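**Q** Quick one: the structure is below, questions incoming.
FYI, it's all coordinate maths here, none of it is from the lab. Please read these numbers as outputs of a predicted model, since none were measured by experiment. In this analysis, Cβ positions are derived from the backbone assuming ideal geometry, glycine residues included, and neighbour counts consider all displayed protein chains.
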Amino acid sequence: MTTTIRTRAMCLLLLGGLSASCRNPEWPAPDPGPANYMAGPESGTPLVAGFSNASDVQVRIEDFKFEPSRLTVSPGTKVTWVNKDGEPHSATSSEKPKRFDSGALDSDKSYSFTFAEPGSYSYFCKLHPHMTGVVEVR
Amino acid sequence: MNKDQESLGDRMDRRGFLECAAWAGTGLLWTVSGGILSSRAFGQEGTGKGGARAEFTFVQISDTHFGFSKEPNKDPAATVQEAIRKVNALPSAPAFVLHTGDITHLAKPAEFDAAAQVLKGLRADVHYVPGEHDVLSDETKPYLERYGKGTKGLGWKSFDHGGIHFVGLVNVVNLRPSGLGYLGAEQLEWLKKDLEPHSDSTPVVVYTHMPLWTIHEKWGWGTDDSEQALTLLRRFGSVTVLNGHIHQIMQKVEGNITFHTARSLAFPQPKPGEASNPGPMKNVPADKLREMLGITSVGVVSNPGTLAVIDSTLA
């Protein structure tokens with residue numbers, strides 16, 4: 001499956017709790033323009049195995065699927081789900097009690113959650129429980 | 001899927017048949033008798049005097065999705081209103097209406113309000129069960145606030161009418177990841193006790209949102225623990241299970257149990273395998289939309305346990 005994560009090389013410290021080992025002082029300051037993107041669907045070069053050490057990562061909900069359905073991020077990463085489908089969906093934690101719940105996301109609506117702690121966070125769509133995904137934080 | 005009416009059955013008089021043709025249009029007519037589903041002319045109601053089982057009809061509507069506003073239907077309120085006019089114009093006034101869920105699209109208060117506003121145009125009482133869309137925000141709270149009266153647990157209940165036992169089940173709450181619909185232990189326990197006093201010859205009609213048989217697992221069209229409910233129902237001589245959720249008509253007969261799904265009043269969904277996902281069918285020309293939406297009218301004829309199920313479209 002092609003990785004469709006888009007990342008923005010944001011410079012440091014937007015959110016608390018970022019792990020120091022994930023910061024690269026040599027990264028350029030943020031500047032809109034494809035040259036400053038680490039990778040993306042435009043360049044056609046996916047990040048290694050869905051791993052991102054940027055602070056902002058996106059999961060697309062489309063065709064009744066989470067893309068990518070398996071995402072690995074570092075602690076402190078903010079993950080944003082965007083619903084690009086015509087039907088409402090949700091990103092709801094499978095655990096009890098729920099770690100996070102986007103609630104109903106209509107088309108083009110998004111929801112963000114910051115994964116502060118390492119762990120494996122499985123989730124699903126409340127409306128269409130066959131849609132499942134997992135965020136690995138390490 | 002529209003079939004013309006078949007040849008006249010011997011229980012139907014000429015006037016009844018003409019009245020029936022006037023409103024059913026190119027609808028489907030089905031009769032269930034002793035568990036066998038066959039397509040023939042609907043026996044119109046008689047004077048219904050005396051007898052343990054008076055003849056009556058009831059209507060099922062489903063999946064109104066108030067709040068939905070995309071292709072192929074920017075205004076479900078309008079198509080629902082057309083259906084209400086149709087129901088109110090039925091030659092045999094229904095005793096009540098069943099709404100098998102997805103009343104709203106996103107369970108927003110404004111959507112529930114809009115639904116109530118439009119549905120009060122129905123001249124008959126309506127019995128509801130929720131769809132998964134109705135419990136999207138804050139779980140069952142908004143739904144039960146409006147429709148919980150007289151129900152137990154997460155909104156299930158039963159009632160009797162004309163010798164038939166009606167059971168409304170809720171299979172859209174506490175859905176598990178990778179799962180289908182779900183009834184849960186508490187509801188199944190309630191169902192067991194609820195059915196106990198009724199003899200095997202009592203016709204039972206179960207109405208719920210998600211199908212109680214697995215139509216298409218990949219799209220979540222089924223109920224994980226339905227087998228436990230069906231086991232409780234199998235001893236009855238006539239069981240009819242009505243549901244919505246899939247926005248198209250499908251049926252199945254399993255012994256004495258007949259399953260019948262309903263069309264939506266908002267938008268059609270594709271058949272299993274005809275699309276990559278079960279979302280609304282978008283490329284439906286405006287003049288074809290109403291042929292894919294509709295209501296279900298169910299009639300009880302004087303033969304005990306016999307139901308005539310009629311699907312009709314809005315067009």
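**Q** Show me the trypsin sites (Lys or Arg not before Pro) within region A:79-115 that DSSP assigns to loop and that have at most 15 other Cβ atoms within 10 Å of their Cβ.
**A** In loop regions of region A:79-115 (DSSP not H, G, I, E or B), the sparsely surrounded trypsin sites (Lys or Arg not before Pro) are A:K84, A:K98, A:K109.
**Q** Here's a follow-up. Relative contact order for region B:186-315 using alpha-carbon pairs under 8 Å, separation at least 6, rounded to a whole percent? Each step should come with its number before you reach the end.
**A** Values: 229 pairs, mean separation 24.1, N = 130.
Relative contact order for region B:186-315 comes out at 19 percent.
**Q** Could you give the nm distance between label points at B:N88 and B:K120, where each point is 7 Å from its Cα heading toward the beta carbon?
**A** Distance between the two pseudo-spin positions: 1.3 nm.
**Q** Now, a different point. Could you grab the relative contact order for region A:51-137? Cα pairs under 8 Å, six or more apart, rounded to a whole percent.
**A** This gives 32 percent for region A:51-137.
**Q** Oh, and also: Explain nothing, just compute: Karplus ³J(HN,Hα) = 6.51 cos²θ - 1.76 cosθ + 1.60, θ = phi - 60°, for every residue of region B:127-144 in order, whole Hz, x for Gly and Pro.
**A** Coupling constants for region B:127-144: 10, 10, 10, x, x, 5, 5, 6, 10, 5, 10, 6, 6, 8, 4, x, 5, 5 Hz.
**Q** What is the distance in Å between the Cα centroid of region B:84-104 and that of region A:75-95?
**A** Comparing the Cα centres of region B:84-104 and region A:75-95, I get a distance of 37 Å.
**Q** Let me ask something else about it. Under 1.5 on a/c is rounded, so check that first for region A:51-137, then, if it is not, pick prolate when a/b is larger than b/c and oblate when it is not; a ≥ b ≥ c are the square roots of the alpha carbon gyration tensor eigenvalues.
**A** Verdict is prolate for region A:51-137.
**Q** So how far, in whole Å, is the C-alpha centre of region B:153-192 from the one of region A:96-126?
**A** Centre-to-centre distance over Cα atoms comes out at 28 Å.
**Q** What is the sum of charges around A:S94, taking Lys and Arg as +1, Asp and Glu as -1, for the other residues whose C-beta is under 12 Å from the C-beta of A:S94?
**A** Summing Lys/Arg as +1 and Asp/Glu as -1 gives +3.
**Q** Say each of A:S120 and B:R176 gets a label point 7 Å from the Cα, pointing the same way as Cα to Cβ; how far apart are those two points in nm?
**A** 1.8 nm
**Q** So what's the net charge close to B:G181: Lys and Arg +1, Asp and Glu -1, counting the other residues with Cβ under 13 Å from its Cβ?
**A** With Lys, Arg at +1 and Asp, Glu at -1, the net is -4.
**Q** Now, a different point. Kindly work out what percent of the DSSP beta bridges joining two residues of region B:143-283 are antiparallel, to the nearest 5.
**A** Within region B:143-283, antiparallel bridges account for around 40 percent of the total.
**Q** Counting only DSSP beta bridges with both residues in region A:51-137, what percent are antiparallel, rounded to the nearest 5?
**A** Numbers: 19 of 31 bridges.
The antiparallel proportion sits near 60 percent.
**Q** Among DSSP beta bridges lying fully in region B:233-288, give the percent that are antiparallel, nearest 5.
**A** Of those bridges, close to 45 percent are antiparallel.
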